[in-house]
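J.: My questions will all concern the structure given below.
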Amino acid sequence: MEELFVREKRNPVITGRDIPYQVNAVFNAGTADLGDEVLLLVRAESTSGRSHLIVARSTDGVTGWRFEERALIHPAQDCPYETNGVEDCRLTWMEDMDCWGIAYTAYTDHGPGVALATTKDFRTVERIGLVIPPNDKNAALFPRRFDGLYAMLHRPCVNGGSVWISSTGADRAS
């Protein structure tokens with residue numbers, strides 16, 4: 001019987017040495033299969049200790065990673081909910097909006113919250129903002145609406161690890 005998941009022999013496929021500038025570490029990434037290449041939105045922890053999200057591309061998803069010169073999502077000076085970094089992103093193709101949804105954890109002095117952004121090309125990003133305040137993280141968008149509502153899984157940090165589902169009728173496509 002064929003296994004559903006097989007660990008890559010060359011694991012990890014990306015380390016801090018692969019990033020084109022000095023970082024403390026790299027962590028889990030959001031993943032997108034773009035057909036002719038695999039894209040990772042990698043969490044990289046800078047030498048200041050704050051994380052940002054940088055794009056890496058590979059034709060086979062294992063070797064030959066090419067990195068963008070700058071982070072796609074860097075903690076913004078004008079985003080008070082990102083003062084301590086951004087991390088743990090999940091990518092979802094939102095067909096009805098013709099873009100990728102990015103759910104990520106935004107850190108403030110008050111703890112982690114869930115933020116959303118969108119992109120069409122992984123070179124520019126439109127921040128939607130903080131959608132679930134601290135203490136909450138690890139969100140993932142569903143790729144389509146349910147009864148007209150967008151839905152998202154997320155994990156409040158204060159309830160022992162349960163996964164919740166939230167929804168909204170907000171329509172950014174119109």
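The values are calculated or read from the model by the stated rules, or taken from the named source; none is laboratory data. Every value quoted in this text rests on a predicted model; they were computed, and no experiment measured them. Virtual Cβ from ideal backbone geometry, glycine too; neighbours counted across all protein chains shown.
J.: So residue 77 fits all but one of (1) assigned to a strand (DSSP E or B); (2) without any contact (Cβ under 8 Å) to a residue 12 or more places away in the chain; what number is the exception?
T.: All conditions are met except number (1).
J.: Which residues, counting only those in region 84-124, are within 20 Å of residue 156 (Cα to Cα) and of a type in the set (S, T, N, Q)?
T.: Hits for region 84-124 are 84, 105, 108.
J.: Could we say that residue 171 is at pLDDT below 95, acidic (Asp, Glu), outside any strand (DSSP E or B) and surrounded by fewer than 18 Cβ atoms within 10 Å (Cβ to Cβ) here?
T.: On the way: at pLDDT below 95: yes; acidic (Asp, Glu): yes; outside any strand (DSSP E or B): yes; surrounded by fewer than 18 Cβ atoms within 10 Å (Cβ to Cβ): yes.
Here the answer is yes, as residue 171 does meet what is asked.
J.: If you go through region 5-47, how many residues are closer than 21 Å to residue 92 by Cβ and at pLDDT below 90?
T.: Matching residues across region 5-47 total 2.
J.: Among the residues of region 117-151, write down those that are closer than 11 Å to residue 90 by Cα and either more than 14 Å from the chain's Cα centre (by Cα) or of a type in the set (A, V, I, L, M, F, W, C) (or both).
T.: Across region 117-151, the qualifying residues are 117, 139, 140, 141, 142.
J.: Of the conditions (1) closer than 30 Å to residue 15 by Cβ; (2) at pLDDT below 95; (3) surrounded by fewer than 20 Cβ atoms within 10 Å (Cβ to Cβ); (4) among the charged types (D, E, K, R), residue 121 clears all except one; give me its number.
T.: (2)
To keep it simple, each residue is scored yes or no on (1) under 19 Å from residue 15 (Cα atoms); (2) under 12 Å from the mean Cα position of the chain (by Cα).
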position: 34; (1), (2): no, no
position: 40; (1), (2): yes, yes
position: 50; (1), (2): yes, no
position: 53; (1), (2): yes, yes
position: 57; (1), (2): yes, no
position: 65; (1), (2): yes, no
position: 75; (1), (2): no, no
position: 78; (1), (2): no, no
position: 81; (1), (2): no, no
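J.: Does residue 30 satisfy being closer than 21 Å to residue 126 by Cβ, surrounded by 20 or more Cβ atoms within 10 Å (Cβ to Cβ), free of Cβ contacts under 8 Å to residues at least 60 places away in the same chain and among the small types (Gly, Ala, Ser)? Step through it out loud before you land on a result.
T.: Working: closer than 21 Å to residue 126 by Cβ: yes; surrounded by 20 or more Cβ atoms within 10 Å (Cβ to Cβ): yes; free of Cβ contacts under 8 Å to residues at least 60 places away in the same chain: no; among the small types (Gly, Ala, Ser): yes.
For residue 30, the condition - closer than 21 Å to residue 126 by Cβ, surrounded by 20 or more Cβ atoms within 10 Å (Cβ to Cβ), free of Cβ contacts under 8 Å to residues at least 60 places away in the same chain and among the small types (Gly, Ala, Ser) - is not met.
J.: Would you pick out the residues in region 9-19 that are surrounded by 10 or more Cβ atoms within 10 Å (Cβ to Cβ) and farther than 12 Å from residue 46 by Cα?
T.: Looking only at region 9-19, we keep the residues that are surrounded by 10 or more Cβ atoms within 10 Å (Cβ to Cβ), and these are 13-16, 18-19.
Within region 9-19, 13, 14, 15, 18 qualify.
J.: Going by the structure shown, is residue 101 in contact with an Asp or Glu (Cβ under 7 Å, 6 or more places away or on another chain), crowded, with 16+ Cβ neighbours inside 10 Å and over 26 Å from residue 15 (Cβ atoms)?
T.: Values: in contact with an Asp or Glu (Cβ under 7 Å, 6 or more places away or on another chain): no; crowded, with 16+ Cβ neighbours inside 10 Å: yes; over 26 Å from residue 15 (Cβ atoms): yes.
No: the conditions fail for residue 101.
J.: While we're on this one: Considering each residue of region 66-96, count those that are crowded, with 17+ Cβ neighbours inside 10 Å and either hydrophobic (A, V, I, L, M, F, W, C) or out of contact with any Pro (no Cβ under 9 Å at 6 or more places or on another chain) (or both), and give that number.
T.: As a first pass, look at region 66-96 and keep what is crowded, with 17+ Cβ neighbours inside 10 Å: 67, 71-75, 79, 81-82, 84-92, 94.
Going one step further and asking which of them are either hydrophobic (A, V, I, L, M, F, W, C) or out of contact with any Pro (no Cβ under 9 Å at 6 or more places or on another chain) (or both), we end up with 67, 71-75, 79, 86, 89-91, 94.
The number of residues fulfilling the criteria is 12.
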